[in-house]
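Colleague: Can you read through this structure? Questions will come right after.
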Amino acid sequence: MIAFLIRRLLQGALVMLTVAFIAFSMFRFVGDPVTNMLPQDATLEQRTELQERLGLNDPLPLQFGHFVTNAVQGDFGISYRNQRPVSDLIAERLPATMEMVFAAVVLSLVIGIPMGVYTALRRDSWLSHLFQGVSLAGISVPTFVTGILLILVFSVWLNWLPSFGRGDVVEIGGWSTGLLTVSGIKALIMPVITLSLFQITLIMRLVRAEMLEVLKTDYIRFARARGLTNRAVHFGHALRNTLMPVITITGLQIGALIAFAIITETVFQWPGMGLLFMQAVSFVDIPVMSAYLVMVSLIFVVINTIVDMLYFVVDPRLRVDAGKNTTGA
Amino acid sequence: MSTVTQRLNDDWRRFIDSDLFYSFRRSPITIVAFVVVVTLILAAIFAPWIAPHDPFDVSTLSLLNSELPPAWVAGGDPAFLLGTDGQGRDVLSALLYGARISILVGLASVAFAMTLGVCLGLLAAYVGGTVDALIMRIADVMISFPPILVALLINGVARGVLPPEMQHDAVIFVLILAIGLTTWVQYARTVRGSTLVEKNREYVLAARVIGLRSRSIMARHILPNVIGPILVVATVNLAIAILIEAALSFLGVGMPPTEPSLGTLIRIGNEFLFSGVWWVVIFPSAVLVLLVLSVNLLGDWLRDALNPKLR
C-alpha cells in the first residue's frame, strides 16, 4: 500500500514537473517577455532593469527553479494584457467554471444512470432504441452546435432564457455563486445542458454495457435462483456493481469537463476560466496561458491519483500483485 | 483475352463475395452513412465546379444581397438556394468550400497522426527497453489530457513562434500539426500491442536469421500484419479530427474567415443569431453533424465487421 502510494505520488509529481517545464518554456521562448510586459516607449534602462528583476540573465536551470518555486506558491506573474496578477484573475474566474462543471456532473449522473439501466433491462423496447439513437447523436453533435441551437430556440425564438453571462451572483466569502438567485439559476440551465449532453451519453452507454455484463454473471443467476424479486436483483445486486466504473469515469471526466468548458463558456460568454484562457490565447497572453495549463493539469493529476487509490481500496484483487497488473485493468 | 480485365473481374468477384461486403449489404444504416460520406466528399472535391457562386471573389459580392433567407422562405432569391450571410455571400457555396477544407484538414491530420503513431508504436514494441518506456510514458501523459486542450496549446504555441506574416499561410498546416500531435497516441498503442505479439512469430525470426535490417523487418514484415485494427482507429479518428478542427475554428484560432471551414462558418453564423438570421448558422452545423455522424456510423460498422468475435 505504502509503496503503491509513493509510486503514484512520484508519478504525479513527475507529470506536474513536465507540465511546469512546458509552461516555463512557453513563458521564456514564445515571444519576448520583456517586450510584452513594458509599454511601447520603454527606455533601455527600464528593459535591463526588468530583465534583471525577472531573472532572465540567470542560467536556465536556475530560472526554471524560480518558476517552479513561484508556481508552487501560486505566483504566475502578471498578465500581459490586464497588467494584474494572474493568480487574482484565475481566483475570480474559478467559481463560475466550478459551479457549471459541478452542475453538469450531477445532471449527467441523474439522467445518464436511469437511461443506462433502462436500456440494459428493456433492450428491445422502442424507448431503448430511441435512447440508443439519441446517444449516437449526442456523440456526433459538437458542443458548440448544441449551445447555438439552444440559444436559437430558447433565447432568440422563445425568449425564455438568457443567452450569455451568469445572471446575478452572490458573494459568499470570496466565492461568487449564481445558485442563490433566480437569474443565476436561469443563466445556468443552458450552459449546463450543453456541457453535460456528451457526458449523459457516455454514462448511459457505460451503465448499459456494464449492466449487461453483470447480468450474465453467476451471482445474479444465483440471486434469481434464491427467488429474489426482479427489483432486488436489478437494483440491489446488479446496479450496485456497475456503479464502481461509473464513479471512476465520472471522476476522470471532471477534468475533461473543465477543458470542454472552454467551448461552452465561449458560446455562452460565461465568465469562467475557459473564457479567460481563450482571451489569453487570442492575445498570446502567455502568463495566463501557462497558469491555466498548470491549474488544469493539477486538477487532473489530483483526480487521477485519487481515483487510482480508490480503486486500490475498493478492489482487493489489485492489492495481491499490483506490480504485475494481471487484472488487465 | 486480356489478363488484366480478367484479374480485375476476379478481384471484383472476391470483393462481392467477401464477408465485409456481406455485412455492409445487410446494414441499411451503414449504406446510408456511406452514401452521405461519399456525396459530401465528392461535393467537397468538386466544390469549385458545382458551387453556384464563388464566395471568395469579392467583386461578385453585393451588400444588396446580404442576409437573404433561403429560397423557399418569403423574401428568398432562387439564385441563393440556402440564403446569404451578412456580406451577401451565398451560404450554399460557402458551405461546399467549407466542407472541402474541413474534410481536407481531417484527412491530412489523420494521415499525419497515423504515420507518427504507427512509427512510434512499431519502434516502441520492436526496440523495447528505454525507448519503449519513454514513448509510452509520453503517450500516457498525452492521453490523460483532453484532445481539445492539447490542440489549443500546440496551436497557441505555434502561433506565438511563427512570425506574423507567415501565420496566414501556415494556419492550415498548424492545424494539421496540432490535431495530428494530439491524436497519435491511440495508433501507437494499438500498433504496439499487436507488434509485441507479432515480433515473436517465426516469420520475424526467419527474417532476422537471413540478416534483414530491423528497419525493413518492421516496415515490410510486421507492419502489413498489424495494419488492420489501425484502419478502424483511423475511421473513428477522422470524425474526431473533423470535430477538433471545427472546435478550434469556432473558437477563432483555426481557419480565418477568408478561408472558412465548417467551424469558421458556424462562428460567423453565430454572430448573426440574434438578428433572427438562423440560416447562416444552421446549415453549416447540419452539414458538420451529418458528416461526423456518418463517419462515426461507418467506423462503428467497420469495427464490428472486422472483429471476428462478433461474427
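No value in this document is a laboratory result; all are computed from the given coordinates. Values in this document were obtained by computation on a predicted structure and should not be read as measured data. Quick reminder, even Gly has a Cβ in these numbers, built from the backbone with ideal geometry, and neighbours come from all protein chains shown.
Colleague: Please name which of B:12, B:210, B:139 has its Cα lying farthest along the dipole of chain B towards the positive end, using unit charges on Cβ (Lys, Arg +1; Asp, Glu -1) and the Cα centre as origin.
Modeller: The residue sitting most towards the positive pole is B:210.
Colleague: Cα gyration tensor of segment A:63-133, axes a ≥ b ≥ c as square roots of the eigenvalues: rounded (a/c below 1.5), prolate (a/b > b/c) or oblate? All intermediate terms of the calculation are to be shown ahead of the outcome.
Modeller: Numbers: a/c = 4.73, a/b = 3.46, b/c = 1.37.
It is prolate, given that a/c is not under 1.5 and a/b is the larger ratio.
Colleague: Using only Cα atoms, tell me the angle between helix A:44-53 and the longest principal axis of chain A; keep it within 0 to 90° and round to the nearest 10.
Modeller: Once rounded, the angle reads 50 degrees.
Colleague: Can you give the charge dipole size of segment B:80-214 about its Cα centre, rounded to the nearest 20 debye, using +1 on the beta carbon of Lys and Arg and -1 on the beta carbon of Asp and Glu? Don't skip to the answer; put the middle values down first.
Modeller: Numbers: 10 positive and 8 negative charges, 96 e Å.
Roughly 460 debye for segment B:80-214.
Colleague: Starting from 0.36 nm per residue, how many nanometres of slack lie between residue A:209 and residue A:130 once their C-alpha separation is accounted for?
Modeller: Taking residue A:209 through residue A:130 to full extension adds about 26.8 nm, to one decimal.
Colleague: Based on the Cβ-Cβ distance from residue A:156 to residue B:220, what FRET efficiency comes out when R0 is 60 Å, to the nearest 0.05?
Modeller: Details: r = 59 Å, r/R0 = 0.99.
E(calc), rounded to 0.05, equals 0.50.
Colleague: Given points 7 Å out from each Cα along the Cα-Cβ axis, report the residue A:49 to residue B:210 separation in nanometres with one decimal.
Modeller: Between residue A:49 and residue B:210, the label points sit 7.6 nm apart.
Colleague: Among B:272, B:253, B:113, whose Cα sits farthest toward the positive end of the charge dipole of chain B (+1 at Cβ of Lys/Arg, -1 at Cβ of Asp/Glu, about the Cα centre)?
Modeller: Ranked along the dipole, the leading option is B:113.
Colleague: Assigning unit charges at the beta carbon (Lys, Arg +1; Asp, Glu -1) and nothing else, what dipole magnitude in debye, to the nearest 20, does chain A show about its Cα centre? Intermediate results must be reported in sequence, preceding the final value.
Modeller: Details: 23 positive and 21 negative charges, 377 e Å.
That gives a dipole near 1820 debye.
Colleague: Filter chain B for me: DSSP H helices, axial length by Cα at least 20 angstrom, mean Kyte-Doolittle hydropathy not below 1.6. List them by residue number.
Modeller: Numbers: long enough: B:3-17 (21 Å, -1.20); B:28-45 (26 Å, 2.88); B:91-127 (52 Å, 1.95); B:129-143 (21 Å, 1.37); B:147-161 (21 Å, 1.75); B:164-183 (28 Å, 1.23); B:223-251 (40 Å, 2.01); B:279-306 (40 Å, 1.65).
Qualifying helices: B:28-45, B:91-127, B:147-161, B:223-251, B:279-306.
Colleague: Further question: Let me have the relative contact order for chain B, percent, based on Cα pairs under 8 Å that are six or more residues apart. Write out the running numbers ahead of the final one.
Modeller: Details: 399 pairs, mean separation 68.2, N = 311.
Relative contact order comes out at 22 percent.
Colleague: Considering the alpha-carbon set of segment B:167-311 alone, what are its Rg and its Dmax in angstrom?
Modeller: 21.0, 73
Colleague: Toward the positive end of the charge dipole of chain A, about the Cα centre and with charges on Cβ (Lys, Arg +1; Asp, Glu -1), which of A:82, A:139, A:18 goes farthest?
Modeller: A:139
Colleague: Could you work out [θ]222 nm for chain A from helices alone, using -39500 (n - 2.57) per DSSP H run of at least four and dividing by all its residues? Round to the nearest 500 deg cm²/dmol.
Modeller: -23500 deg cm²/dmol
Colleague: Only residues of segment B:206-242 count here: report those whose backbone N is under 19 Å from the spot 7 Å along Cα→Cβ of residue B:42, or say none.
Modeller: No residue passes the distance filter.
Colleague: Please tell me the relative contact order of chain A in percent, rounded to the nearest whole number, where contacts are Cα pairs under 8 Å and at least six residues apart. Provide the component values of the computation, followed by the final result.
Modeller: Numbers: 334 pairs, mean separation 83.6, N = 329.
Dividing the mean separation by the residue count of chain A yields 25 percent.
Colleague: Specify the inter-centroid distance of segment B:189-230 and segment B:4-37, based on alpha-carbon positions, in whole Å.
Modeller: 29
Colleague: Additional query: To the nearest 0.05, how large is the calculated FRET efficiency for residue A:309 and residue A:73 if R₀ is 30 Å and r is the Cβ-Cβ distance? Present the calculation step by step, with values, prior to reporting the outcome.
Modeller: Working: r = 26 Å, r/R0 = 0.88.
Between residue A:309 and residue A:73 the formula returns 0.70.
Colleague: Size of the dipole of the protein assembly as shown about the Cα centre, Lys and Arg at +1 and Asp and Glu at -1 on the beta carbon, nothing else charged, in debye to 20? Working shown, then result.
Modeller: On the way: 44 positive and 42 negative charges, 624 e Å.
Charge dipole, the protein assembly as shown, about its Cα centre: 3000 debye, nearest 20.
Colleague: Now a separate question. What are the semi-axes of the equivalent ellipsoid for chain A, taken as the square roots of 5 times the Cα gyration tensor eigenvalues, largest first, in whole Å?
Modeller: Values: eigenvalues 384, 164, 43 Å².
Ellipsoid half-lengths, sorted descending, are 44, 29, 15 Å.
Colleague: Can you list, largest first and rounded to whole Å, the semi-axes you get for segment B:15-54 by taking the square root of 5 times each eigenvalue of its Cα gyration tensor?
Modeller: Details: eigenvalues 188, 21, 5 Å².
Listed largest to smallest, the semi-axes of segment B:15-54 are 31, 10, 5 Å.
Colleague: With the Cα gyration tensor of the protein assembly as shown in hand, convert its eigenvalues to equivalent ellipsoid semi-axes via √(5λ) and list them largest first in whole Å. Working shown, then result.
Modeller: Values: eigenvalues 289, 246, 194 Å².
Ellipsoid semi-axes (Å, largest first): 38, 35, 31.
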